[in-house]
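Report on one structure; see the data block that follows.
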Amino acid sequence: RDDVVVLTSTSESIWTDIARIEKDFKTLSDKYGPEQVDKNYIITRGSLTKGLSEATSETSADQETTRNGFQLEAIYSSAMKAYPIDLGLGLRYDRDAINVSSNSSFTILNTRLMLVGELQYNFEYVGKLNGNFYTGAAVGYGKSSSTVEETSSTGPATLLPCVRVGFRQDFETYNMLYEAAMESLTMSEKFEDGTTQKTNLVNVKFSLGVRF
């Protein structure tokens, strides 16, 4: 594993072939970063979120809501050989607090657990910054649960899509990730009495992650 095997018809040309391979590998590393060549990683990411817009069925028009929360992610990511693209798959946990202002104010707690897949495109490595900028998108599907006072509801949650931009900073044994993202979520939750409530949500979030 991680070795280079050179097959050649003459012993005289082997040194030329080795030099050419080393040059190609160095070119790829310089362009996409020393840690960006045909490897697998674990990414952990924490995010602070704020709802930008929200539309919920079965609610009165005079209700005003503000939504804030956090997200935790664990992603298994693979860098594609010879391409500046990473593919990832993992789990994401969300927790939001929704403050509702109307005739009587109250708070709704909403949690989501989703399986997420992501694709990331890496721009050229910037030696002076010891890292590279990137952009990416993610989709996800899972379960949403909401609780208000003694009433609860559950149902499917869909993430489609999440779009992010970020910067990866390289250190000796790990990478730091700094990201900003916008995402669209749809939740369809059913209450105990059979009533279904559908929520369309747009979030903005800022994330800090570690890749190792």
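In this structure, is residue 122 on the phi > 0 side of the Ramachandran plot and not small (Gly, Ala, Ser)? Against the criterion (on the phi > 0 side of the Ramachandran plot and not small (Gly, Ala, Ser)), residue 122 does not qualify.
For (1) farther than 20 Å from residue 198 by Cα; (2) touching a residue at least 12 places away in the same chain (Cβ under 8 Å), each residue gets a yes or a no:
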residue: 81; (1), (2): yes, yes
residue: 88; (1), (2): yes, yes
residue: 97; (1), (2): no, yes
residue: 105; (1), (2): yes, no
residue: 108; (1), (2): no, yes
residue: 114; (1), (2): no, yes
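Readers should treat all values here as calculations from the given coordinates under stated rules, not as data from a laboratory. This one's a predicted model, so the numbers in the text were calculated from it and none came from an experiment. Positions of Cβ are backbone-derived with ideal geometry, glycine not excepted, and every protein chain shown enters the neighbour counts.
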